[in-house]
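Notes to accompany the following structure.
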Amino acid sequence: MAGIESLGLDSDLIRVEPRDATTDELISAHNTTYLRELAGACEQGTAPDPDTYLTSGSLSAAIRAAGAGLAVIDALRAGAGDLGFVVVRPPGHHASANHAMGFCLLNNVAIAAAMLTEKGERVAIVDWDVHHGNGTQDIFWDDGRVLYISTHQARFYPGTGRLLDKGGPDALGSTVNIPLPAGATGDVLQRALVEVAAPVVEQFAPTWVLVSAGFDAHRDDPLADLMLSAGDFALLAREVARFAPRSGRLALFLEGGYDLGAVHHSVAATFAELLGASLQTEPATSGGRGDEVVAMARRIHIEPREDALW
Ligand SMILES: [Zn+2]
């Protein structure tokens, strides 16, 4: 919020009142047995894994976080704004249909995407968090109404997100993973979006674009080893905004980010770019590793289609 406030948006910033997600909304992405187990675990404070801290207040916080995403989507559907930012904790992209992990209890972006698909929408989710969004991938693995694209650090928590994972038999090609080596810089992620994501998104033709916007790929982040600057997130945001079919069909969901200064400056740079506000920020980075992964991802996702034309 400090990053957003630094932009001085004044009355151009609309604060959407969060609400609780309903059970029907939660079960669009999670199964009922899991929701019961989660409620029990929160009541007893039993953590599902050493990372994932729980207290008696965690369930209501997670339900409110999921509902906040839905409230933002509702506001955009009603024409209230140009784009949304869901600034919530706990984050969501590691939570699968039946499992909490990696600080995540309910998958906020997946619940929002599932509710949109129930209204007939086609949703592209771009996940630039440094970790692979295994939960989101799992939930939509065999669902061709949702395109899931992730850039993440390779051979890293949670260990999923391989290049060759492309989706289930009914949704082949609807999962796109670009696992980048430690040391990758912003230019490599941008190339991944321009050269791999953009043509896949164009073919998919989403009616909504949601972003799992973690800021832990920043070079100052203590948990990971990608080398992005705040200025790089602005460039990624510019590319992703082009994926949305029109104004009011883009929402960013906060995921990870563990250096508060990096999160602050990256959020400010991202939204300055998206809103056309002026901001002095860290310069973009280049020259890191990972180009060969982008080339391989192109061979897997783009070139087979080009070959098929002949
Ligand atoms: Zn993360």
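Bear in mind that the values in this text are calculations on the coordinates, not laboratory data. Keep in mind that what you see is a predicted model, and the values were worked out from it rather than measured. Cβ sites come from the backbone with ideal geometry, for glycine too, and all protein chains shown count toward neighbours.
When each full DSSP H helix of the chain is screened for a Cα extent of at least 20 Å along its own axis and an average Kyte-Doolittle hydropathy of at least -0.5, the helices passing are 58-77, 230-243, 260-275. Close amide H contacts of Tyr148 (hydrogens built in the peptide plane, cut-off under 5 Å, sequence separation of 5 or more or a different chain): Ile125, Thr175, Val176. Computed over the chain, relative contact order equals 18 percent, with contacts defined as Cα pairs under 8 Å that lie 6+ residues apart. With an a/c value of 1.5 or above and a/b larger than b/c for the gyration tensor axes a ≥ b ≥ c computed over the alpha-carbon atoms, segment 192-234 is described as prolate. Sequence-distant contacts, meaning Cα pairs under 8 Å at least 6 residues apart, place the relative contact order of segment 26-185 at 17 percent.
Please state the shape class of segment 1-85: rounded when a/c is under 1.5, otherwise prolate if a/b exceeds b/c and oblate if not, all from the C-alpha gyration tensor. Since a/c reaches 1.5 but b/c is at least a/b, the shape of segment 1-85 is classed as oblate.
Estimated purely from DSSP H runs of n ≥ 4, each contributing -39500 (n - 2.57), the mean residue ellipticity at 222 nm for the chain is -11000 deg cm²/dmol once divided by its residues.
Computed from point charges on the beta carbon alone (+1 for Lys and Arg, -1 for Asp and Glu), the dipole magnitude for segment 203-310 about its Cα centre is near 520 Debye. If you take all other residues with their beta carbon under 12 Å from the beta carbon of Ile27, and give Lys and Arg +1 and Asp and Glu -1, the sum is -2. Of the trypsin sites (Lys or Arg not before Pro) found in segment 214-265, those in coil by DSSP whose Cβ has at most 14 other Cβ atoms within 10 Å are Arg246. Cα centroid separation, segment 119-175 to segment 34-56: 25 Å. Would you mind classifying segment 197-310 by shape? Square roots of the alpha carbon gyration tensor eigenvalues, ordered a ≥ b ≥ c; an a/c under 1.5 is rounded, otherwise it is prolate if a/b is larger than b/c and oblate if not. Taking the square roots of the gyration eigenvalues as a ≥ b ≥ c, segment 197-310 is oblate.
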